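One structure below.
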Amino acid sequence: MATEKMEESVKRFFVGKEKDLIQAKRKNITVGDRDLLIIYHQGMFYAMDQHCYHAGGSLLNGDIEEINSKHCIVCPKHKYKISLAQGECLYKASNPKDKTQPPRWYSKGIKQRVHNVTVLDGDIFVTLSEIPKWIESDYYQTENGKEELKKAQNEETATESNS
Ligand code: FES
């Protein structure tokens, strides 16, 4: 659980030491009542909702790929690609009106809520996004979404213990 610090009227949550996060590269943490994933990748820190907007997959172990100059995490569950900086989902497709063109990348828009990361004197802080509109990953931060994730995890555990 992150600790809360108030600074300059901005609510920042301490999420770890810079050197520890650089070493770990990934960390799941609960901030307020939100489950987040903190990522260190190529000199930058990122924070986003921990569960993929599509069907709640954990992004913790997703590979990171560069697509159209954007660093994207690839959800291990169904391989959706989500940009680390904006939470935008990218997909590759052919133009149905011109099949002679090779497939290219398109955007589904912002689907995963991302949060602001600040580094202060070797400490990492997260400020939760306050964008008021609904972003699809918000669902897995609601009671219903968390309940659904819990059920899915219980089913997975039952399947594993039966095999
Ligand atoms: S749950 Fe992430 S791609 Fe489906």
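The values are calculated or read from the model by the stated rules, or taken from the named source; none is laboratory data. What you see is a predicted model, and the numbers here were worked out from it, not measured in a lab. Cβ: placed from backbone, ideal geometry, glycine included. Neighbour counts: every protein chain shown. Only protein heavy atoms, including side chains, enter the accessible area calculation; ligands, DNA and RNA are left aside. Shrake-Rupley method; radii C 1.70, N 1.55, O 1.52, S 1.80 Å.
Of the peptides 152-162, 115-125, the ranking by mean beta-carbon count within 10 Å, highest at the top, reads 115-125, 152-162.
How large is the helix-only mean residue ellipticity at 222 nm for the chain, computed as the sum of -39500 (n - 2.57) over DSSP H runs with n ≥ 4, divided by its residue count, in deg cm²/dmol to the nearest 500? Write out the running numbers ahead of the final one.
On the way: 2 runs with 27 residues, N = 163.
It comes out at -5500 deg cm²/dmol, rounded to the nearest 500.
Ignoring any ligand, DNA or RNA, what whole percent of the accessible area of the chain comes from carbon and sulfur when the probe is 1.4 angstrom?
On the way: 4770 of 9820 Å².
Percent of accessible area from carbon and sulfur atoms in the chain: 49.
What the Cβ-Cβ distance of residue 42 and residue 127 gives, at R0 = 25 Å and to the nearest 0.05, is a FRET efficiency of 0.70.
With the highest mean first, a sort of the peptides 61-71, 76-86 on other beta-carbon atoms found within 10 angstrom per residue produces 76-86, 61-71. Annotated for region 3-92: lysine pairs at least 8 residues apart or interchain, Cα distance under 26 Å, count 26.
Taking the alpha-carbon centroid of each part, what is the distance from region 86-110 to region 12-55 in angstrom? One Cα centre to the other: 28 Å.
Rounded to the nearest 20, the size of the Cβ-charge dipole of the chain about its Cα centre is 660 debye, with Lys and Arg at +1 and Asp and Glu at -1. Compared with the dominant Cα axis of the chain, that is its longest principal axis, helix 143-162 is turned about 70°.
Can you work out D for region 69-163 in µm² s⁻¹ from Stokes-Einstein, where Rh is the Kirkwood radius over C-alpha pairs, the temperature is 25 °C and the viscosity is 0.890 mPa s? If you can, show how the numbers build up before the last one.
On the way: Rh = 16.5 Å.
The Stokes-Einstein estimate is 148 µm²/s.
Per residue, the accessible area of region 96-135 comes to 69 Å² when a 1.4 Å probe rolls over the protein heavy atoms.
Packing-wise, with mean Cβ within 10 Å as the measure, how do 96-104, 26-34 rank, highest first?
Details: 96-104: 7.8, 26-34: 16.0.
Packing proxy ranking, top to bottom: 26-34, 96-104.
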